[in-house]
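Notes for the one structure printed next.
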Amino acid sequence: FLPRMSPYKPAYFFCTTSRSVRDGLRNLMTVSDRWLLPDGVEDILPPLAGQIESLRRDVMDTCQRWGYQLVIPPLIEYLESLFTGTGHDLELQTFKLTDQLTGRMMGVRADMTPQAARIDAHTLGQEGITRLCYAGHVLHTRPKHMLTGRTPIQAGCELFGSASESADLEVISLMLEALRVAGLPRVHLDLAHVSIYEGLIGEAEFDRDTSAAIFDAMARKSVPELDRLLGDCPIGSAGARLRELARVSGGPEALAEARRILSGASDNLSAALDQLGRVAEMLERDFPEVSFGFDFCELRGYNYHTGLVFAAYVPGHGDSVAKGGRYDAIGSDFGRARPATGFSLDIRALVTLGKRSVCRSKAVWAPADNDATLEQVVSELRMTEVVVRALPEDNGVDPSTRGCDRKLVKQGDHWIVQTLS
């Protein structure tokens with residue numbers, strides 16, 4: 001009944017099937033199987049759901065205090081929008097379906113960054129600086145790695161209209177502040193610059209297949225493969241410099257080593273190293289608790305990033321917990337070229353990794369009593385308290401099992417709040 005889906009091709013939703021096919025699929029599922037969810041998709045239950053929502057609110061409140069305006073993009077869009085600029089790297093992660101009204105192909109968003117860029121370039125169309133923030137579910141055709149699901153709760157900020165270094169610093173600082181709000185005990189920030197690889201690979205003038213192999217080896221940090229691919233390059237050539245850079249990562253000493261390797265290279269490469277140094281220095285001043293490093297093999301988002309890129313990590317978690325960078329080219333695809341930089345993070349992952357305490361007030365138990373005075377008291381209490389109203393079926397239930405530490409008791413003509421014994 002179902003088409004075979006290659007792991008290397010996008011997954012599709014089929015909105016129209018014959019009744020016989022639908023009935024056949026339905027009959028294949030027993031009653032006991034109908035509660036099952038697809039792999040990588042799960043319900044979020046109490047109390048985790050409350051913790052996630054609390055952090056989402058706090059992160060969005062933090063972003064708005066920095067001047068970022070909240071937007072809520074739609075869950076689905078036409079593919080032309082989702083795959084513009086940033087979205088091309090997301091094609092394999094995007095579920096697709098057919099719009100029954102127009103016949104056009106739509107996609108369920110796998111990343112909200114292209115949507116924010118569309119809103120800035122087309123929907124808002126403001127002049128000058130625009131700051132946007134967002135939070136919501138995205139859907140992936142497959143998990144990014146074994147420890148994640150297919151329905152992350154993505155939050156992020158995008159700053160449009162400034163190509164300045166100050167804009168990059170603001171976005172990175174806001175990301176680190178959001179991680180601080182999430183209660184992450186230790187954070188390491190890696191900085192990189194796509195212009196370095198771009199300049200060297202362009203200068204080397206390798207053929208397409210060799211360039212693709214080098215890119216793949218660099219992205220995987222496979223030094224032996226790079227030695228095989230670039231071992232014959234003369235000393236001082238772009239290829240030899242790429243091979244040396246693949247061995248360089250770490251703190252300030254890595255930046256100094258990169259300067260040595262790229263000594264005598266183009267002014268653009270020197271400018272990129274200078275920017276990395278200045279940004280790291282400013283961030284170390286403002287976030288002394290964060291460790292900083294440089295990774296010159298970082299090619300994540302190379303197809304759309306145009307400058308400084310960054311990723312935050314915590315010990316014991318292999319994947320980044322937040323990431324971002326500059327992507328000045330995406331606005332032109334929407335008819336309005338705008339410099340841009342931003343970051344995104346997964347709220348669910350931050351709740352799991354963070355040591356954040358969420359204060360939850362215990363509730364007040366109100367009996368199942370049809371009393372007009374009680375109704376008024378409950379309404380007034382609910383302005384500031386959580387009140388659980390008992391139902392007839394709750395007869396004999398211990399209120400503490402419903403999250404209550406107090407109860408409403410009638411004394412004379414008045415209802416008062418008493419602590420549960």
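The values are calculated or read from the model by the stated rules, or taken from the named source; none is laboratory data. Only a predicted model underlies this, so the values are computations on that prediction, with no experimental measurement involved. Glycine also receives a Cβ, built like all others from the backbone with ideal geometry; neighbour counts cover every protein chain displayed. Only protein heavy atoms, including side chains, enter the accessible area calculation; ligands, DNA and RNA are left aside. Shrake-Rupley method; radii C 1.70, N 1.55, O 1.52, S 1.80 Å.
A few notes on this one:
- Scaled to the globular estimate 2.2 N^0.38 Å, the Cα spread of region 218-326, given as radius of gyration, is 1.12.
- Alpha-carbon Debye profile of region 184-240, log10 I(q)/I(0) at 0.13, 0.16, 0.22 Å⁻¹: -0.39, -0.54, -0.90
- At most 15 other Cβ within 10 Å, DSSP loop - GluC sites (Glu not before Pro), region 319-421: 385
- For region 336-412, the fraction of alpha-carbon pairs lying more than 19 Å apart is 57 percent, rounded to a whole number.
- Over the chain, accessible surface divided per residue gives 53 Å², non-protein components excluded, 1.4 Å probe.
- Exposure rule at most 15 other beta-carbon atoms within 10 Å, DSSP loop chymotrypsin sites (Phe, Trp or Tyr not before Pro): the chain longest free segment: 36-421
- Region 59-164 - convex hull of the alpha-carbon atoms, volume per residue in Å³: 121 Å³
- Shown here are the Rg and Dmax of the Cα trace of region 142-191, at 14.0, 38 Å.
- Extension gain, residue 180 to residue 58, is 42.8 nm, computed as 0.36 nm per intervening residue step minus the present C-alpha separation.
- Against the compact-protein benchmark of 2.2 N^0.38 Å, the Cα-based radius of gyration of region 375-421 scales to 1.15.
- For region 217-323, GluC sites (Glu not before Pro) meeting the loop criterion (DSSP other than H, G, I, E, B) and having at most 15 other Cβ atoms within 10 Å: 289.
- Residue among 322, 217, 340 with the largest mean-square fluctuation in a Gaussian network model of the chain, springs linking Cα atoms under 10 Å: 217
- Size descriptors for region 121-251, from the alpha-carbon set: Rg then Dmax equal 19.6, 52 Å.
- Straight-distance crosslink candidates among aspartates and glutamates, where the alpha carbon sits under 20 Å from residue 96 and sequence neighbours closer than 8 are dropped: 39, 77, 80, 111
- Note on residue 414 and residue 99: the model spin-label points, each 7 Å out from Cα along the C-beta direction, lie 6.3 nm apart.
- Taking a point 7 Å from the Cα of residue 393 along the Cα-to-Cβ direction, the residues of region 352-382 with backbone N closer than 16 Å to it are 368.
- Simple spin-label estimate for residue 370 and residue 66 gives 5.6 nm between the two label positions (7 Å along the Cα-to-Cβ direction from each Cα).
- Hull-based mean projected area of the chain, where the convex hull spans the alpha carbons, in square nanometres: 28.7 nm²
- Degrees, to the nearest 10: 194-204 long Cα axis against longest axis of the chain: 30 degrees
- Debye intensity ratio in log₁₀ form over the Cα atoms of region 284-409, taken at each q of 0.12, 0.13 Å⁻¹: -0.70, -0.72
- Normalised contact order of region 296-414, rounded percent, pairs of Cα under 8 Å and 6 or more residues apart: 18 percent
- With contributions of -39500 (n - 2.57) from each DSSP H run of at least four residues, the per-residue ellipticity at 222 nm computed over the chain stands at -10000 deg cm²/dmol.
- Hull volume in cubic angstrom per residue (convex hull over the Cα atoms of region 328-372): 258 Å³
- A simple charge model with +1 on the Cβ of Lys and Arg, -1 on the Cβ of Asp and Glu and nothing else charged puts the dipole of the chain at about 940 debye relative to its Cα centre.
- For a straight C-alpha distance cut-off of 17 angstrom, the lysines reachable from residue 362 (same-chain residues fewer than eight places away being disregarded) are 407.
- Percent carbon-and-sulfur accessible area, the chain, ignoring ligands, DNA and RNA, probe 1.4 Å: 53 percent
- Partners of residue 410 within straight-line reach, counting aspartates and glutamates whose Cα lies under 19 Å from its Cα and excluding those fewer than 8 residues away in the same chain: 369, 371, 375, 380, 385, 394, 398.
- Backbone N under 17 Å from the residue 127 label point (7 Å along Cα→Cβ), restricted to region 316-351: 336-339
- Neighbour cut-off at most 10 other Cβ (10 Å), DSSP loop, trypsin sites (Lys or Arg not before Pro), region 287-382: 355
- Beta bridge orientation in the chain: antiparallel %, DSSP, nearest 5: 80 percent
- Cα-centred dipole magnitude for region 288-415, charges only on beta-carbon of K, R (+1) and D, E (-1), debye, nearest 20: 400 debye
- Given charges at Cβ of Lys, Arg, Asp, Glu: the chain dipole, positive-most of 134, 334, 292: 134
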